[in-house]
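See structure below.
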Amino acid sequence: MEEKNKEIELIEDEINKYREEINKTGEEQKSLKNEIQILQTRASKLKSEISLTNKQIDSTNFVIQKLKIEIENKNEQIENSKKSLAEILRKLDEEESRSLIEILLAHNSLSDFFVNIERMEYLQKDINANLADLKILKNEFEENQTQKDAEKNKLEQLQDNLGDQKELVGINKQQKDNLLKQTQNKEQNYKKILEDKIAKKELFLSELADLEAQLQIEIDPDSIPSAGTGILGYPLSEVSLLSCWNGGGEFQNCVTQFFGNTPFATQNPQVYGGKGHNGVDFRASVGEKVFAASGGVIESTGNTDEIRGCYSYGKWVLIKHNNGLSTLYAHLSLIKVNQGQQVSRGQIIGYSGETGYATGPHLHFTVYATQGVKIMRLGDIKTITNCANARIPIADKKAYLNPLSYF
């Protein structure tokens with residue numbers, strides 16, 4: 001078991017090195033060469049993650065088998081203890097079924113009589129001792145059974161993760177194939193595609209901001225929880241709420257863009273319509289698990305990439321929580337939930353990616369006042385760039401809330 005744990009630690013170190021390499025390359029100037037390098041490194045990272053999950057599955061199976069043996073042994077000890085206790089009770093019953101006079105007359109002397117009385121006392125002590133042992137065995141048996149059930153649940157989750165990781169490998173390969181096909185492996189073609197994507201992203205967000213500015217949805221202030229720590233959990237693991245370039249860079253998932261009129265939003269009014277950034281962007285490599293920030297119901301999911309030329313949220317999930325808040329998770333690579341599904345805090349709902357208008361892997365996380373957000377088909381309101389058939393969350397501007405106020 002110790003050897004298995006060492007192997008797992010080595011693979012985890014390897015994955016972290018790949019993650020650091022991807023982040024470093026991602027911060028360099030956008031180029032076809034760098035993009036291909038990222039995709040190749042990501043493929044190696046995903047391969048290592050599959051290896052890690054297989055090791056974890058082996059380790060979990062080993063623990064389950066060990067617990068099975070312990071449970072069988074405990075069950076056998078319990079049965080033996082029951083038989084022993086039954087025999088003691090039978091002997092004691094035989095002794096107690098006779099009167100003291102009968103017992104006295106059955107012995108040749110008072111000395112033998114008192115020896116028999118002492119034997120009965122020993123039998124009673126044996127009963128108490130056996131009952132205490134039986135209670136301990138029963139508790140240990142139940143603990144082992146609980147551990148076994150927990151390990152079985154863990155095994156099911158690992159097997160599910162393994163299936164997801166294999167799917168992500170296919171997505172990564174398809175992305176690389178598409179990139180090479182579209183660019184014909186030429187840098188100038190890549191630059192042109194990137195510029196076109198950024199331009200369409202800016203146009204979409206600008207028109208969306210104008211549209212949302214016209215919405216007037218009544219929101220009851222009392223329906224929104226007061227700002228406070230722990231109201232929402234982190235949507236990713238190993239999160240820093242500091243900027244990746246100002247204290248948070250050592251963490252796996254730090255903030256690349258804050259909420260509101262940040263310097264980037266102010267310097268790029270054409271992107272955010274002068275209204276500021278409507279959520280928080282976390283640096284997240286493709287394939288990082290994304291968790292529900294709180295319990296609730298999946299209000300809707302979508303994939304704007306299915307509409308040719310529409311650069312929006314890509315694959316997204318909207319959760320309606322029980323506290324008056326709703327949360328959006330955008331640019332996912334893989335969605336693991338369905339509309340109407342109940343989810344619990346910390347449950348995996350998908351994996352981070354770079355779908356939609358993302359020009360690099362990250363998680364876009366938005367918090368809404370539930371009363372102020374709706375799922376709409378954009379073409380039913382207004383023709384927006386190439387996204388008329390896209391269904392996405394649309395909100396009154398005052399429905400947007402700062403996520404950092406609720407972590």
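Scanning region 218-248 for residues that are more than 25 Å from Gly314 (Cβ to Cβ) and touching a strand residue (DSSP E or B) at 6+ places or on another chain (Cβ under 8 Å) turns up Ile219, Ser223, Ile224, Pro225, Ile231, Leu242, Gly247.
Table: residues versus (1) part of a loop (DSSP other than H, G, I, E, B); (2) loosely packed, with under 13 Cβ neighbours inside 10 Å; (3) touching a residue at least 60 places away in the same chain (Cβ under 8 Å).
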| position | (1), (2), (3) |
| --- | --- |
| Ser206 | no, no, yes |
| Asp210 | no, no, yes |
| Ala227 | yes, yes, yes |
| Pro235 | yes, no, yes |
| Val255 | no, no, no |
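Being in a loop (DSSP other than H, G, I, E, B), in the same structural domain as Tyr311 (by TED's automatic domain parsing) and of a type in the set (A, V, I, L, M) is a condition met by at least one residue of region 376-383.
Could you please find all residues in region 324-357 being outside any strand (DSSP E or B) and touching a Phe, Trp or Tyr at 6+ places or on another chain (Cβ under 9 Å)? Scanning region 324-357 gives Lys336, Arg345, Gly346, Gln347, Thr355, Gly356, Tyr357. Of the residues making up region 47-69, not a single one is more than 30 Å from Lys191 (Cβ to Cβ), basic (Lys, Arg) and more than 34 Å from the chain's Cα centre (by Cα).
The condition (being over 25 Å from Phe251 (Cβ atoms) and at pLDDT below 90) is satisfied by just one residue among Gly340, Gly360, Gly379: Gly379. Yes or no: Glu142 at pLDDT 90 or above, outside the structural domain of His331 (by TED's automatic domain parsing) and farther than 30 Å from Pro393 by Cβ? Yes: the conditions hold for Glu142.
Restricting Lys176, Lys166, Lys154, Lys181 to residues that are closer than 30 Å to Lys33 by Cβ, among the charged types (D, E, K, R) and surrounded by 14 or more Cβ atoms within 10 Å (Cβ to Cβ) narrows the list to Lys176. Within the option set Ile36, Ile8, being of a type in the set (Val, Ile, Thr) and within 24 Å of Asn144 (Cβ to Cβ) holds for one residue only, Ile8. One residue stands out among those in region 238-251 that are modelled with pLDDT of 90 or more and touching a helix residue (DSSP H, G or I) at 6+ places or on another chain (Cβ under 9 Å): the one that is surrounded by the most Cβ atoms within 10 Å (Cβ to Cβ), which is Cys244.
Taking Ala390 as the residue in question, decide whether it is surrounded by 18 or more Cβ atoms within 10 Å (Cβ to Cβ), in the same structural domain as Thr304 (by TED's automatic domain parsing) and within 24 Å of the chain's Cα centre (by Cα). Judged against the criteria, Ala390 is not a match.
The values are calculated or read from the model by the stated rules, or taken from the named source; none is laboratory data. Bear in mind the structure is a predicted one, so any value in this text is a computation, not a measurement. Ideal geometry is used to build each Cβ from the backbone, glycine not excepted, and the neighbour counts take in all protein chains shown.
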